[in-house]
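Rule-based calculations on the coordinates, nothing more; no lab input. Note that the structure is predicted; figures quoted are calculated from it, not measured. Please note: Cβ atoms are built from the backbone with ideal geometry, for glycine as well, and neighbour counts cover all protein chains shown.
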Amino acid sequence: MNISMLLDMAAEGFGDRILIGRTDDGLTAPRLRELAVGGARSVHAAEADAIVYLAVNGPALPVALFAAAQAGVPLIPVNYRLGDDQLDALLANHPRALGIADPEHGEALRRAGLAVRTPEEWLQQAAEATASSPGDAEPTQEPPDTPAVLIYTSGTTSTPKGVVLRHHNLVSYVLGTVEFAGADPDEAALVSVPPYHIAAVSNILTNLYAGRRALSLDQFTPESWLDLVRQQGVTNAMVVPTMLARIMDTNGLDRSVPSLRALAYGGARMPVRVIETALRAWPHIDFVNAYGLTETSSTITILGPQEHRTAVASDDPAVRARLGSAGLPVPGVELEVRDASGEVAAPGETGQIWVRGEQVSGEYAGQGSAVDERGFFHTRDQGRVDADGYLHIEGRADDTIIRGAENIAPAEIEDVLLRHPDVLDAVVVGVPDEEWGQRIEAVVVVRDGAEIDAGDLRAQVRGTLRGSKTPERITRWPELPRTPTGKLVRRDIVEALTAERHQAVGRQG
């Protein structure tokens, strides 16, 4: 099944309902289908083998997604925040693509030899191509294993890799998680992640299939997010943890959101303090924690609204701990936590997370499939499954600190630091050390005006965990380097701390 069939169903089922953009100038599903057909004609006329999208979110993105599907080529949304060298290297992989770029990013496409259209020019060209050859769109005949999108990973721990998501992966995800026409006509979803994040693509598909209007916010601030929720009557929203933290931690905000009914979060670990604050501030909202990867077509586990409420109200430590979990697998996804020998770990035992299902791609451009002989994909995340089946994420395998002969997960130390009421953000990393291999260091972001003694924080960790997990040094920074989707760029932190230590040693010498 091609994703174009999802658009056909929406076009036939929702008529004149605005489904893309704002209420005053948005697109209906029939109009989106017309523009997709026109866009596909432009792709064929250019003899392009892909659409590269190097722009902010907006109506041009769903038109490009479905135009690519109609034309039988992949959409490649690219991170416009990459440096020139990274961007040039990435674009060199796609010399025959048709390019869509904001004016400030178009030069990168021109350097790669691609024809460039602004989002406005792209929409106009699609409209003109449709008008010149009117008629209903025919479903594409491309097979369901054709690549639908190619999304490059964030590259926070290595060189970005192109993840191939085929039509059957995306369609499987939509059919397994969303009910067709399940949204009320007044529902509107706000997505605040950039186009090159899997959540941007998956939200286009799921909201369209549900019949829910979807709109985006280009530049997030707590004030602009809250204003847009109120102005557009947003009922459903998706944020990354750093966004919710800023909404909850910024003083003087009007946080009233009477229209908002559901808030999903994901993309990085959510500090328990932040979600507890949000649950108290917005008791009427259904919170959902969605854990997934680009390689899995988005969400693979969910912690639902009732589980949030039950956990925050419980005195049972085991139940309350679920608030920090990623929940249970979605339908159609099988999950295993494997120990060092490759066997399935016992409940409560930490290991590597592997997943299997029709929505799971696990395929990289130029490298082929990364699934094992049983069809399972290694997420490279560490975690454990508790006795009731809830998945607890303990960080990336690459983030593990090896101090002497001991493997230490930064997440558990970060959780202790974040329990301090004046610590807004925290990261724990392993810094090279001649004696131990790696030493534990932490960086914290402190609430404005607060004074925190690093020794007190170290004592808090030592009293909760043990001496070998206590950071040797805790440094205070004004902010931590994160991607727009909230992921910590740990390698930058390690490099900065290592440089600081070398400078300090040099001064002492």
### Summary
Ordering 224-234, 83-93 by per-residue average of other C-beta atoms within 10 angstrom, highest first, gives 224-234, 83-93
### Task
Note down the nm distance, to one decimal, between modelled labels 7 Å out along Cα→Cβ at Asn93 and at His44.
2.8
### Summary
With a Förster distance of 51 angstrom and the Cβ-Cβ distance between Glu128 and Asp339, calculated FRET efficiency to the nearest 0.05 equals 0.30
### Task
Would you calculate a helix-derived [θ] at 222 nm for the chain, using -39,500 (n - 2.57) for each DSSP H run of n ≥ 4 and dividing by the full residue count, to the nearest 500?
-10500 deg cm²/dmol
### Summary
Length gained, Arg447-Ala262, 0.36 nm per residue minus C-alpha separation, equals 63.8 nm
### Task
Quickly rank 419-427, 146-154, 262-270 as a protection proxy: mean count of other C-beta atoms within 10 Å, highest first.
146-154, 262-270, 419-427
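Express in nm, to one decimal, how much length is gained between Asp227 and Glu276 on full extension, taking 0.36 nm for each residue of separation and deducting their alpha carbon distance.
Value of the extension gain: 15.4 nm.
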#### Entry: DSSP-defined beta bridges in the chain - what % are antiparallel, rounded to 5
60
### Query
How much length is gained if the chain between Glu349 and Asp25 is pulled fully straight, taking 0.36 nm per residue apart and subtracting their Cα-Cα distance, in nm to one decimal?
111.4 nm
### Query
If the label point is 7 Å along Cα→Cβ of Arg81, which residues in the range 218-237 have backbone nitrogen under 20 Å from it?
218-226
#### Entry: Rounded FRET efficiency, nearest 0.05, which uses the C-beta distance separating Glu500 from Ala387 and R0 of 30 Å
0.10
### Task
With a/c under 1.5 counting as rounded, go ahead and sort the chain into rounded, prolate or oblate using the C-alpha gyration tensor (a ≥ b ≥ c being the square roots of the eigenvalues; past the cut-off, prolate if a/b is larger than b/c, else oblate).
prolate
### Summary
Within the range 402-508, the percent of DSSP beta bridges that are antiparallel, given to the nearest 5, stands at 75
